[in-house]
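Chemist: One structure, pasted below without further comment.
Computed from the coordinates by the stated procedures, all read-outs in this text should not be read as laboratory data. Since the structure is predicted, the reported quantities are computational estimates derived from the model, not experimental observations. Note: ideal-geometry Cβ built from the backbone for every residue, glycine included; neighbour counts use all protein chains shown.
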Amino acid sequence: MFENRQEIIKRLQDEGVRFVDPERVYITDGASIGAGTLVYPDVYIEGEVTIGADCVIEANVLIRDTVLGDGVTVKMCCYITESTIGDRVAIGPFAHLRPGTELMDGVKIGNFVETKKSKIAEGSKVNHLTYIGDSDIGKSVNVGAGTITCNYDGVNKHRTVIGNGVFIGSDTQLVAPVNIGDDALIGAGSTITRNVEPNALAVSRSRQTNYPDRGFRSRKGKKEK
């Protein structure tokens, strides 16, 4: 698979691609990389891959059968397969883009985020500890940490549709099939099982109860049984 690696890297260098350590990069024949792109060590680029100009591919990244636009940054320890990525997208570190992922221009995918069969429109952010599967996400959406799309009911997969300008609070579960209208706000810690109309606030959580004089200081001096 990598028998022509040195020749491929030499050709790419002549075309303006920069390598931090050419001896520690593995690229197959089907790859195309634009001028000005910087590739760090221990990167694997396999299959039919197109990477645009002025990208940064940091260390310990695998990219397979994927198209990246111009000005894309892929941070350390990302795994990307069969995906389409627009211009000026930031990915990672530690992100997993599975087949069918489509990221439009200016999208941000952060650390420990997994995507699959989902389209995320321009300027949206999915920054922390989140799973987005079988989903359509609109423009300028903010997805809070710990959010998941619950796309599988044990028999069938279902889609989640999120409109433009939506803000999703942290630790939210979106139980598909479900639609979130434009400019809606989802309160943190919610489990959403019904559609949310545009410009609405949706909150689904138990009421907090505080019990006075039962805190840590009240327990001091008590012996364990």
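Chemist: So if we plug the beta-carbon distance of VAL161 and TYR26 into 1/(1 + (r/R0)^6) with R0 = 25 Å, what FRET efficiency do we get, rounded to 0.05?
Modeler: Plugging the Cβ-Cβ distance into 1/(1 + (r/R0)^6) gives 0.05.
Chemist: Right, here's the next one. Please determine, in degrees from 0 to 90 and to the nearest 10, the orientation of helix 5-14 with respect to the longest principal axis defined by the Cα atoms of the chain, where the helix direction is its Cα long axis.
Modeler: 90 degrees
Chemist: Got the relative contact order for the stretch 172-213 handy, in percent, Cα pairs under 8 Å and 6 or more residues apart?
Modeler: About 37 percent, as a whole number.
Chemist: Viscosity 1.002 mPa s, temperature 20 °C: give me the Stokes-Einstein translational D for the stretch 17-65 in µm²/s, with Rh taken as the Kirkwood radius over C-alpha pairs.
Modeler: The estimated diffusion coefficient comes to 206 µm²/s.
Chemist: How large is the translational diffusion coefficient of the stretch 1-82 in µm² per second when you combine the Kirkwood radius over alpha carbon pairs with Stokes-Einstein at 4 °C and 1.567 mPa s?
Modeler: Diffusion coefficient, whole number: 108 µm²/s.
Chemist: Still on this structure, I have one more. If Rh is defined by the Kirkwood formula over all Cα pairs and Rg also comes from Cα, what ratio Rg/Rh do you get for the stretch 117-204?
Modeler: 0.92
Chemist: Which value results when the Cα radius of gyration for the chain is divided by 2.2 N^0.38 Å?
Modeler: So the chain has a normalised radius of gyration of 1.27.
Chemist: Taking amide H positions as placed 1.01 Å from N in the peptide plane, with prolines and chain starts having none, which residues 5 or more places from CYS150, or on another chain, fall under 5 Å of its amide H?
Modeler: Correct list: LEU174, VAL175, ALA176.
Chemist: Express as a percent, rounded to the nearest 5, the fraction of DSSP beta bridges in the stretch 117-204 (both residues included) that run antiparallel.
Modeler: Here the share of antiparallel DSSP bridges comes out near 5 percent.
Chemist: Now, a different point. What does the charge count around PRO99 come to, taking other residues whose C-beta lies under 9 Å from its C-beta (Lys +1, Arg +1, Asp -1, Glu -1)?
Modeler: Cβ neighbours under 9 Å give a net charge of +1.
Chemist: What's the longest bit of the chain with no exposed GluC sites (Glu not before Pro), using DSSP loop states and at most 14 other Cβ atoms within 10 Å as the test?
Modeler: Longest site-free region, per DSSP loop and neighbour criteria: 49-223.
Chemist: Looking at the stretch 151-220, which chymotrypsin sites (Phe, Trp or Tyr not before Pro) are DSSP coil and have at most 16 other C-beta atoms within 10 Å of their C-beta? Please report the intermediate quantities before stating the final value.
Modeler: Details: sites: TYR152, PHE167, PHE216; in loops: none.
Passing sites in the stretch 151-220 do not exist.
Chemist: Using a Gaussian network model on the chain with a 10 Å cutoff between Cα atoms, which of THR130, THR209, THR160 fluctuates the most?
Modeler: Between THR130, THR209, THR160, it is THR209 that shows the largest mean-square fluctuation.
Chemist: What distance in nm lies between label points placed 7 Å from Cα along the C-beta direction at GLU15 and GLU197?
Modeler: Placing both labels 7 Å along Cα→Cβ, they lie 5.4 nm apart.
Chemist: Most fluctuating residue of HIS96, HIS128, HIS158 in a GNM of the chain with Cα springs under 10 Å: which is it?
Modeler: HIS158
Chemist: Please rank MET76, MET104, fewest neighbouring Cβ atoms within 10 Å first, as an exposure proxy.
Modeler: Ranked by crowding around the Cβ, least crowded first: MET76, MET104.
Chemist: Another question about this same structure. Give the cross-link partners of LYS10 among the aspartates and glutamates, using a straight C-alpha distance below 19 Å as the criterion and excluding same-chain residues fewer than 8 apart.
Modeler: ASP21, GLU23, ASP29, ASP42, GLU46, GLU48, ASP54
Chemist: Just to confirm my numbers, what's the Cα centroid distance between the stretch 40-78 and the stretch 168-219 in Å?
Modeler: So the separation of the two Cα centres works out to 37 Å.
Chemist: Taking other Cβ within 10 Å of each residue's Cβ, how do ILE45, ILE162 sort, fewest first?
Modeler: Fewest to most other Cβ atoms nearby, the residues stand as ILE45, ILE162.
Chemist: Given Cβ point charges of +1 (Lys, Arg) and -1 (Asp, Glu) and nothing else, what value in debye, to the nearest 20, does the dipole of the chain about its Cα centre take?
Modeler: 1940 debye
Chemist: Show the residues, 5+ positions off or on another chain, whose built amide H is closer than 5 Å to the amide H of ILE162.
Modeler: For ILE162, whose amide H was placed from the backbone, the distant partners under 5 Å are ASP136, ILE137, GLY138, ILE180.
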